[in-house]
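Working notes for the structure below.
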Amino acid sequence: MTSSCHISNTQSWSVQTPQKHNRSPDNYPCKGLDSNHCRNPGNEKMPWCYTTNTETRWEYCKVPSCGDAAGPDEPVIPVEEEDCYEGDGTSYRGVTSETISGKRCQRWTAMTPHSHKKTPQVFPQADLRRNLCRNPDGDPAPWCYTTDPTVRWEYCNLEKCITPTKPLNPLVPTPVPTPVPAQKDCKTGNGDTYRGVTSITVQGVTCQAWSAQSPQQHNSFTPQTHPTKGLEGNSCRNPEGGVNGPWCYTTDSNTRWDYCQIPGCAGMNCGTPVTKPRRCLGRIVGGCVSKAHSWPWQISLRTSSGHLCGGTLIHSQWVLTAAHCLEGSNETSAYKVLLGVHTERANDTFKQERNLEKLVLGPNGVDIALLKLQTPAIINDKVLPVCLPEKDFVVPSGTECYVTGWGETQGTGGEGVLKEAGFPVIENKICNRPSYLDGKVKDHEMCAGNIEGGNDSCQRDSGGPLVCHSQNRYVLQGVTSWGYGCAIAMKPGVYARVSKFVDWIDTTIKAN
């Protein structure tokens, strides 16, 4: 059955642009990955595809089930007998021989491509017949060695059975166990509370069990060291609370760990304000007054003299701002952060005030910095982190994005309250023309603004967010950095390109 979505928006599985991936016909030869039809090579909830939209990496497809949509000439195929396991699957004797990522199991008696000691002779009670999924050694679930030379073993494509809770009536036939229905699999915020079942990384590699020490040996995150973090199986988790979300050690000996692609839960995820922004066009000098708390990640960085710079909440305990905002002092005691404020006077009912525990300047002297709050912010409908972009993502030229701040308005009104303005991103090739910024914009920076001038971010907007709307959420793409004056024609503002620093952000937060 072909996709019910627009074929013109669906990327062919055999190509690598605009979305680079490993779900290719060569890697998944039995999954029907010809053309650009919706498929499900990795056992997701339903068929999906990569898209040709640079802002949308992949989407599920609206494919009706055969039982609901079969026409008169399309016979309904009977559902196969349910195959599930109980407990840790030690007693499983089913016939599944495929792993969770779609790889075929290696025979237990075979020593190629993987040599091993889990043989029928060593484990005579484990029923190690043919290449069937089994659990001879007490792992969290049935597994097998794979026929892929690059992936030694994986858990199998099986679900746990539902066990009856009421005493069985001996006169009523015992019901056949059925798989546990899939729970809503999404993350809230940075996913540190995620307890879903996804166990495949963004590169399509199966996760290693957190209790295992092969192929990745580690002592940092195990069920024993972090007993409350849900590390019992091999599902993606975020035990240390990193900003980029759940991850796992992988079963690929060449890839120690990788992030997992888990969607955010609607209404609770980063970048989804409860109060919808006005999204007015024209930059801050000529922008408009924001609706209160419609940009809940906006913070005010303060000194004893008052508002100094803007900044962006990216994690309950971390703020991103510009490094030049910290030139006055390298002492944390010189600053404080206000969250949940709409007015510059900060007389808001929902204000949260935090002292700083640490200042971390960006690598190689770039104009970006992280501020660690002494105590985490309370996340609510007035204070919410923004989402971070994918690594090295380049915002397409012409994309409408938004800046916010309490900066200089040059008499255009709205003094003392948070203002917003929308304007287009300008690609660096154009921004570096002699008539614009004459080659001064670096690769780790980006430009945005109206070519005709008249509107601009100004003094005291520094360090504040440049956010772009994508997939029903706001993503932090830039940090206000520098420019030539305010609102000068052909002199757009320059922003630190956040996608160039996501690894640094994540590493810094994990280390602190």
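The values are calculated or read from the model by the stated rules, or taken from the named source; none is laboratory data. A quick note: this is a predicted structure, and the numbers were derived from the prediction, not measured. Ideal geometry is used to build each Cβ from the backbone, glycine not excepted, and the neighbour counts take in all protein chains shown. Side chains are part of the model used for accessible areas, which takes the heavy atoms of the whole protein and leaves out ligands, DNA and RNA. Shrake-Rupley method; radii C 1.70, N 1.55, O 1.52, S 1.80 Å.
Observations, loosely collected:
- Some residue of the stretch 495-510 being open to solvent by 50 Å² or more (accessible area, probe 1.4 Å), modelled with pLDDT under 95 and touching a Lys or Arg at 6+ places or on another chain (Cβ under 6 Å): no
- Residue within the stretch 295-306 that is part of a helix (DSSP H, G or I) and either touching a residue at least 40 places away in the same chain (Cβ under 8 Å) or not polar (S, T, N, Q) (or both) present: no
- Tally of residues being in contact with a Leu (Cβ under 7 Å, 6 or more places away or on another chain) and surrounded by fewer than 16 Cβ atoms within 10 Å (Cβ to Cβ) across the stretch 278-331: 1
- Selected residue [of a type in the set (Val, Ile, Thr) and open to solvent by 40 Å² or more (accessible area, probe 1.4 Å)] from 394, 383, 403: 394
- Within the stretch 359-387, residues that are at negative phi and at pLDDT 95 or above reach no partner that is buried (at least 22 other Cβ atoms within 10 Å of the Cβ) and acidic (Asp, Glu) with beta carbons closer than 7 Å at six or more positions or on different chains.
- For residue 348, the conditions (1) in a loop (DSSP other than H, G, I, E, B); (2) open to solvent by less than 60 Å² (accessible area, probe 1.4 Å); (3) more than 18 Å from residue 405 (Cβ to Cβ); (4) not polar (S, T, N, Q) are fulfilled apart from (3).
- Taking the stretch 363-392 as the range and being of a type in the set (Gly, Ala, Ser) and more than 26 Å from residue 473 (Cα to Cα) as the test, only 365 passes.
- Considering residues of the stretch 131-171 that are at pLDDT 90 or above and not polar (S, T, N, Q) only, the residue farthest from residue 211 (Cα to Cα): 132
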